[in-house]
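A.B. asks: Shown below is the structure under consideration.
The values are calculated or read from the model by the stated rules, or taken from the named source; none is laboratory data. Nothing here was measured: the structure is a model prediction, and the numbers come from that model. A quick note on method: Cβ atoms are made from the backbone with ideal geometry, for glycine too, and the neighbour counts reach across all protein chains shown. The area values use the complete protein model at the heavy-atom level, side chains included, leaving out ligands, DNA and RNA. Shrake-Rupley method; radii C 1.70, N 1.55, O 1.52, S 1.80 Å.
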Amino acid sequence: MSKPALQSDEHGVALQSEYVVPEGVEAAGFQISADELASIVESRDTEKLAVHGQLDGTADKLATSLTDGINTAEYSLNQRRDIYGVNKFTESEARSLWEFVWEALQDTTLIILIACALVSFVVGIATEGWPKGAHDGIGIFTSIFLVVSVTATSNYQQSLQFRDLDKEKRKIFVQVTRSSLRQKMLIDDLLPGDVVHLAVGDQVPADGLFISGYSVLINESSLTGESEPVVVNEDNPFLLSGTKVLDGSCKMLVTAVGMRTQWGKLMAAITESGDDETPLQVKLNGVANIIGNIGLFFALLTFVVLSRGLVAQKYFDGLLFSWSGDDVLEILQHFAVAVTIIVVAVPEGLPLAVTLSLAFAMKKMMNDKALVRQLAACETMGSATVICSDKTGTLTTNRMSVVKACICGNTLEVNNRLAPSNFSSKLPEAALEILLESIFNNTTGEVVINQDGHRQILGTPTEVALLDFASLIGEGFEEKQQQTKIIKVEPFNSTKKRMSIVLELPGGGCRAHCKGASEVVLAACNKFIDARGSIVALDNTTTNKLNDIIETFSKEALRTLCLAYQEMDDGFSIDEQIPLEGYTCIGIVGIKDPVRPGIRQSVATCQSAGIDVRMITGDNINTAKAIARECGILTEDGLAIEGAEFREKNPKELLELIPKMQVLARSSPLDKHILVKHLRTTFNEVVAVTGDGTNDAPALREADIGLAMGISGTEVAKESADVVILDDNFSTIVTVAKWGRSVYVNIQKFVQFQLTVNVVALLVNFCSACFTGDAPLTAVQLLWVNMIMDTLGALALATEPPDDNLMKKAPVGRAGKFITKVMWRNILGQSIFQIAVMWYLQTQGKHLFGLEGSDADTVLNTIIFNTFVFCQVFNEISSRDMEEIDVLKGLPDNSIFMGILAGTIIFQFIIVQFLGDFADTMPLTQLQWLVSVLFGLLGMPIAAAIKLIHVEPREEGN
C-alpha cells in the first residue's frame, strides 16, 4: 500500500497527500482508484491534481504514456477495464412483453368488454349450464385475447427496434493513440489512460485532462447550461464528457469513463426513448377522437334501438321489474354489440399504423445508409419542398487531390505519375523550401504509422490532399516539423476562411504562415515569390494575373487555396493576434473534388418530384457554379450569388431574389441560417438542410429536417440533426425523401381503408337494429373485424415499400390536408357499395340462398359476416394505391402483405366452419362461400371504377 506522499505546489506550499491506494488497484499495476481519478475532473480539483503529480504524475499512476498511449496487450486492457470500468452508460431495462400486454389491457372499451364477457359467462352458465352457456363469454374472451396479443407483440417489436436505433446513435468514432499507433476507435471502447485527439466539432467522449493543443474552446452548455464557451489549456485542463469542441484541437488523457463521468450520471436520470409522438400521430389522435365520439353516439343509439323491443314488451306485460336469466343475457348481448361498435369505431390503429410505418421505414433507411434520430423527420421529409445542400462531400466525393498549382507565377500540372524531382526542379530551391514548410507546419493533419505499419495521412480531405502533394514533391514531414516550434495557432473557421500559425525559427525570429480562401489570403499579400525565387512587390499586373489563375482554376471546378508567409524579425508574443496583412504569396493550389456518380440523376429525381435543390457552399463562386452546372442544380434562368452580396439585400430584394437563387457561394453560417429561415417563414416551404460542420448547427436546427453527414460530419452537427446520412451521399437524401413520402402515403392508405370499415360496420349494425331489431354482426365478429382493420391492416398497409411513382408527384407541403378529396372519393364510393351489398343480403339473402328453418337467421348472419370480411380483404388490396387502377403491381413481392391476407382468410375459414358456438356462426356450403368471396371480389372493379371519377388533384396535398 502506498504511503502518503509529501509534495509541493508551484508556490512552494507543502501539500500533504492523504490518499491511500486500494490493494486491488495496486495489485493490478495502478496507483490511483477509479473514483479518486473521476473526482479530479468532475470537481475541477486543481489541488487534488497537484497532489497526484499534475498531468505527468496522473499518467504515471494510470500506467500510460502521454505520447504512446496505453499498452494494448489483452491482459493489460482487461485489468484496466476491471479497475476503471467501460465507457458505456447503464441502460434502463427493456420493457417486457407482459408490460405491453398490461398496457394494451388498459383500453377502456376492452375493460368494458371483459366485464361483459364475465357477466355473460356467469349468467350463461347459470341459465343454460356448462358448456353451452359459456360459449358467448369464451368467444368474447378469445377475441379480446387475440386483439391484446397482436397489439402487444407489435408494440414490443417496435420498442426493441427503437432500442437498436438508440444504440446506433452511440456509434461515435474518435482518434486514439495506443501503443504508439494512431487509430480510429468507438467511444465505447475507450479506457482511462487513453490518449484521445480532439478537433473542432468533436464531442468529448469521456472525462479527461488536457495534454497539449491550440486555441481550445469548449461548449459546456449540455452539462452546465452556460452558453459562454470555456477556454481549456494547461491552466484549466479539465475536459468533461458530453461537451463539444467549438474551436481548436488538442490531445486529452482519459481519466473517467461511463457512469463515473458527469455526463453518465446525467444520462442515468434521463433515458432516451422513441416514444415521443410525431406531428402526424398528434393529428391522427385528433381524427381518432372525432371518429370515436361518432362511434359512441351510434353505439348508444344501437343499444337503445336493440333493447327497446324487449323493454317495451316487459312494460306492456307488466313485468318491467321481473327479469329472467335469458332477458339479462339478451340485454347483455345488446350491450356487448354496442361496446364492440365503439371498439370498431375508435381507430386505435391510427397511431399504431404511424408507429409501424415509421419503425419499418427507419429500419429500411438504416439499410439505405440513413440513421433517423428523430421519428418525426421520416414523415416531415415526405413533405419537403426544398433541399439546401452542401457541396463538399455531399454532392462531391470528398476525396480531394491537388491537380494544379501556381508556384512562383508558373502554373504546373500535378500528376502523381510525374517524377517528384521533375516537379521540384521547376521551382527555385528557396520557394520549394518555404512551400514545404508552410504545408507541413500550417496543418491540422498528421502523417502517422498505422496498425499495419504503413504511413497514413490523417486529417480533413483538404489537409490530406495538401500533405499528399507536399509528400510527392518533397520528403521529411517529421523533419520539417522538428526544425521549428509552433508557438501560436489560429485554426480555420468559416468566418475568417483561413488558418494561420506562427513558427519560432531555429536561428531566432518568427515566421507566420497563412492559408485559406484564395481571394482572402491574396488580398492580405503585398509581395510574392517570382520565377527566380526572389521576393518582389505585388503590383496590379501580377495581382490581376493571379486572380485570373484563381478564376481559371475555379471554372475548371477546382477548389483553390492560397499559401502565404510573413517574416517577423522582432519576435512575437503569444498574446498578440497573428497579422492579417503584409504577407508574401507563395502560391495557389487547385484541388479537385470529383462530383459523386449519379448525382445529376438524383437532382433530376428531386426536381421531377417538385423538390427544389439549392447549393450552399463556402467555395469560390466560379467553383460553385461549375459544380452546380455539373450536378444539374444551376439552370439557365437560375441565379448564383455570393454571401457578401446576399447579406446586403433588404427584405424586399430578398423576396424577388430567393425564388430564383440556386447557388449561394462564399457563404457564412449566418447566411445559411437566414436563407433557411426565409424559405420556411416567408415562402412557407418545408426545408431540408444538409450540414457537416459545427457552424452548420444553427441552420440544421432552423430547418424542418436537418441532415448531418455521418462520415465528414462533426458530432455537433449530428447532435443538431434529425437524420444522419451515413455515407455522406446526396442520393441517400433522395432515398430519405422517398421513404418519407412512403410513410405519409402508407398512413393515408390505412386511414382510407379503416374509415371505410368504420362507416360500413356502424351503418350496417345501426340500420339493421333500426329496421329489423337485430344486429347481424355480433360482438365476437366485430372484434375479429376490428383486428383485421386495426392491427393487421396497419401492419399490411403501413409496411408497403415505396415505389418510383412517389417521386413523380408534387410534395404535400406545409398546408396539405391529410384526408384528401381523393381519399373521400374512395371511402364514400367503397362504403356505398359495401352497404348496398350488406343490405341486399339482409333483405334478399334468405330468398337468394333458399334459407329456411330455425337456423336460417344464423346462417344468413354468417353469410353477411363472411361477405363483410371478404369485402375488407379485397378493399385492403384496392387500398394499396389511392389513384392507380393497377393495385396488383408488386403484390407477390410483398411477403408481409401476402402473409396477412393468407392469415386473415385461413382464420376466417376456421371461425366460420369450426368456431360456431363461440362466434355465433354456422358452417357454410361451397356455394355460400363462393358467393361471399365473389361479393368481396366485386369490390375491386368497383374501386377501380371509382378511381376514374376525377377530383381536384394535388393542391390539397394528396
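A.B. asks: Can you name the strands (runs of 3 or more DSSP E) wholly within segment 488-544 that have at least 2 residues being open to solvent by less than 30 Å² (accessible area, probe 1.4 Å)?
C.D. replies: Once the strands (runs of 3 or more DSSP E) in segment 488-544 are filtered for at least 2 residues that are open to solvent by less than 30 Å² (accessible area, probe 1.4 Å), what remains is 498-504, 510-517, 525-529.
A.B. asks: Does Ile885 fit the bill of being β-branched (Val, Ile, Thr), open to solvent by less than 70 Å² (accessible area, probe 1.4 Å) and touching a residue at least 12 places away in the same chain (Cβ under 8 Å)?
C.D. replies: no
A.B. asks: Based on this model, can you work out whether Asn410 counts as at pLDDT below 80 and open to solvent by 10 Å² or more (accessible area, probe 1.4 Å)?
C.D. replies: Considered against the rule, which asks whether it is at pLDDT below 80 and open to solvent by 10 Å² or more (accessible area, probe 1.4 Å), Asn410 comes out as no.
A.B. asks: Could you please find all residues in segment 733-756 being closer than 27 Å to Ile627 by Cα and either open to solvent by 10 Å² or more (accessible area, probe 1.4 Å) or not in a helix (DSSP H, G or I) (or both)?
C.D. replies: Matches in segment 733-756: Val734, Thr735, Lys738.
A.B. asks: Answer with yes or no whether Glu433 is open to solvent by 30 Å² or more (accessible area, probe 1.4 Å) and modelled with pLDDT of 85 or more.
C.D. replies: Criteria met by Glu433.
A.B. asks: When you look at Ile457, is it at pLDDT below 80 and not charged (D, E, K, R), yes or no?
C.D. replies: No; evaluated as a whole, the condition is false for this residue.
A.B. asks: Moving to a separate point now. Out of the residues in segment 601-649 that are part of a strand (DSSP E or B) and without any contact (Cβ under 8 Å) to a residue 60 or more places away in the chain, state the one that is farthest from Gly590 (Cα to Cα). Explain how you work it out, then say what you get.
C.D. replies: We begin by selecting, within segment 601-649, every residue part of a strand (DSSP E or B); these are 612-616, 639-642.
The next check asks that each one be without any contact (Cβ under 8 Å) to a residue 60 or more places away in the chain; those that pass are 639-642.
Numbers: Leu639: 25, Ala640: 21, Ile641: 22, Glu642: 20 Å.
Ranking the qualifying residues of segment 601-649, first place goes to Leu639.
A.B. asks: Of (1) open to solvent by less than 30 Å² (accessible area, probe 1.4 Å); (2) assigned to a loop (DSSP other than H, G, I, E, B), Gln374 satisfies all except one. Which?
C.D. replies: Going through (1) open to solvent by less than 30 Å² (accessible area, probe 1.4 Å); (2) assigned to a loop (DSSP other than H, G, I, E, B) one by one, Gln374 breaks only (1).
A.B. asks: Is there a residue in segment 237-245 that is outside any loop (DSSP other than H, G, I, E, B), open to solvent by 40 Å² or more (accessible area, probe 1.4 Å) and out of contact with any Cys (no Cβ under 7 Å at 6 or more places or on another chain)?
C.D. replies: no
A.B. asks: If Val759 satisfies every condition in (1) open to solvent by 30 Å² or more (accessible area, probe 1.4 Å); (2) at pLDDT below 85; (3) over 25 Å from Met940 (Cβ atoms) but one, which is the exception?
C.D. replies: (3)
To keep it simple, each residue is scored yes or no on (1) open to solvent by less than 30 Å² (accessible area, probe 1.4 Å); (2) in a helix (DSSP H, G or I); (3) of a type in the set (Phe, Trp, Tyr); (4) over 21 Å from Leu777 (Cβ atoms).
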| position | (1), (2), (3), (4) |
| --- | --- |
| Lys846 | no, yes, no, no |
| Phe897 | yes, yes, yes, yes |
| Ala902 | no, yes, no, yes |
| Leu934 | no, yes, no, no |
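A.B. asks: Next question, about the same structure. Can you go through Glu852, Glu884 and tell me which one is assigned to a loop (DSSP other than H, G, I, E, B), more than 40 Å from the chain's Cα centre (by Cα) and either of a type in the set (Asp, Glu) or closer than 26 Å to Leu828 by Cα (or both)?
C.D. replies: One residue alone meets the criteria, Glu852.
A.B. asks: Need pairs with beta-carbon distance below 6 Å; first residue over 12 Å from Phe868 (Cα atoms) and within segment 750-767, second open to solvent by 10 Å² or more (accessible area, probe 1.4 Å) and among the polar types (S, T, N, Q); sequence gap 6+ or separate chains.
C.D. replies: Correct list of pairs: Gln752/Asn826.
A.B. asks: Which of the numbered conditions does Thr58 fail, given that it passes all the others? Conditions: (1) of a type in the set (Val, Ile, Thr); (2) assigned to a loop (DSSP other than H, G, I, E, B); (3) at pLDDT 90 or above.
C.D. replies: Unmet condition: (2).
A.B. asks: Give segment 555-575 a look and list any residue that's closer than 12 Å to Ile621 by Cα and in contact with a strand residue (DSSP E or B) (Cβ under 6 Å, 6 or more places away or on another chain), or say none.
C.D. replies: Passing the criteria: Leu558, Arg559, Thr560.
A.B. asks: Regarding segment 400-407, can at least one residue be identified that is over 28 Å from Leu458 (Cα atoms) and surrounded by fewer than 24 Cβ atoms within 10 Å (Cβ to Cβ)?
C.D. replies: no
A.B. asks: Consider segment 693-717. How many of its residues are crowded, with 24+ Cβ neighbours inside 10 Å and at pLDDT 80 or above?
C.D. replies: Selection size over segment 693-717: 8.
A.B. asks: Those residues that are free of Cβ contacts under 8 Å to residues at least 60 places away in the same chain, touching a strand residue (DSSP E or B) at 6+ places or on another chain (Cβ under 8 Å) and in a helix (DSSP H, G or I), I need them from segment 659-683; list them, please.
C.D. replies: Kept after step one, since they are free of Cβ contacts under 8 Å to residues at least 60 places away in the same chain, are these residues of segment 659-683: 659-665, 667, 670-671, 673-674, 677-678, 680-683.
Filter once more, so that each one left must be touching a strand residue (DSSP E or B) at 6+ places or on another chain (Cβ under 8 Å): 660-665, 667, 671, 680.
Matches in segment 659-683: Lys660, Asp671, Arg680.
A.B. asks: Among the candidates Arg178, Arg163, Arg170, Arg182, which residue alone is modelled with pLDDT under 70 and basic (Lys, Arg)?
C.D. replies: Numbers: Arg178 fails: modelled with pLDDT under 70; Arg163 fails: modelled with pLDDT under 70; Arg182 fails: modelled with pLDDT under 70.
When all the criteria are applied, what remains is Arg170.
A.B. asks: Picking from Ser307, Ser322, which residue would you name as being small (Gly, Ala, Ser), farther than 14 Å from Cys767 by Cα and modelled with pLDDT under 70?
C.D. replies: Ser322
A.B. asks: Follow-up question, since we're still on this one. Give the residue that is modelled with the lowest pLDDT, with candidates limited to residues of segment 762-796 that are buried (at least 22 other Cβ atoms within 10 Å of the Cβ) and not in a helix (DSSP H, G or I).
C.D. replies: It comes out as Ala775.
A.B. asks: In this structure, is Glu656 loosely packed, with under 15 Cβ neighbours inside 10 Å, charged (D, E, K, R) and assigned to a helix (DSSP H, G or I)?
C.D. replies: So Glu656 passes the test.
A.B. asks: Same structure again: I'd like to verify a number: residues in segment 637-683 that are out of contact with any Leu (no Cβ under 9 Å at 6 or more places or on another chain), hydrophobic (A, V, I, L, M, F, W, C) and within 24 Å of Lys555 (Cα to Cα), how many?
C.D. replies: 2
A.B. asks: Go through segment 460-486 and report how many residues are modelled with pLDDT of 85 or more and touching a Leu at 6+ places or on another chain (Cβ under 8 Å).
C.D. replies: Residues that pass the stated criteria total 5.
A.B. asks: Name the residue, out of Ser879, Ser831, that is surrounded by 23 or more Cβ atoms within 10 Å (Cβ to Cβ), modelled with pLDDT of 90 or more and more than 18 Å from Leu915 (Cα to Cα). Talk me through it step by step, then tell me what you get.
C.D. replies: Details: Ser831 fails: surrounded by 23 or more Cβ atoms within 10 Å (Cβ to Cβ).
One residue alone meets the criteria, Ser879.
A.B. asks: Filter segment 61-92 for residues that are outside any loop (DSSP other than H, G, I, E, B) and of a type outside the set (D, E, K, R) and give the result.
C.D. replies: Pass one, segment 61-92, residues outside any loop (DSSP other than H, G, I, E, B): 61, 65, 69, 74-84.
Result: Ser65, Gly69, Tyr75, Ser76, Leu77, Asn78, Gln79, Ile83, Tyr84.
A.B. asks: Just to verify a result, which residue in segment 570-588, among those that are under 29 Å from Ala405 (Cα atoms) and part of a loop (DSSP other than H, G, I, E, B), is least open to solvent (accessible area, probe 1.4 Å)?
C.D. replies: Only one residue tops the list, namely Ile578.
A.B. asks: Which residues, taken from segment 88-143, are open to solvent by 60 Å² or more (accessible area, probe 1.4 Å), of a type in the set (S, T, N, Q) and modelled with pLDDT of 75 or more?
C.D. replies: Selection gives Gln106, Thr142.
A.B. asks: Quick one: which of Glu648, Glu567, Glu576 is over 33 Å from the mean Cα position of the chain (by Cα), among the charged types (D, E, K, R) and under 20 Å from Leu679 (Cα atoms)?
C.D. replies: Glu648
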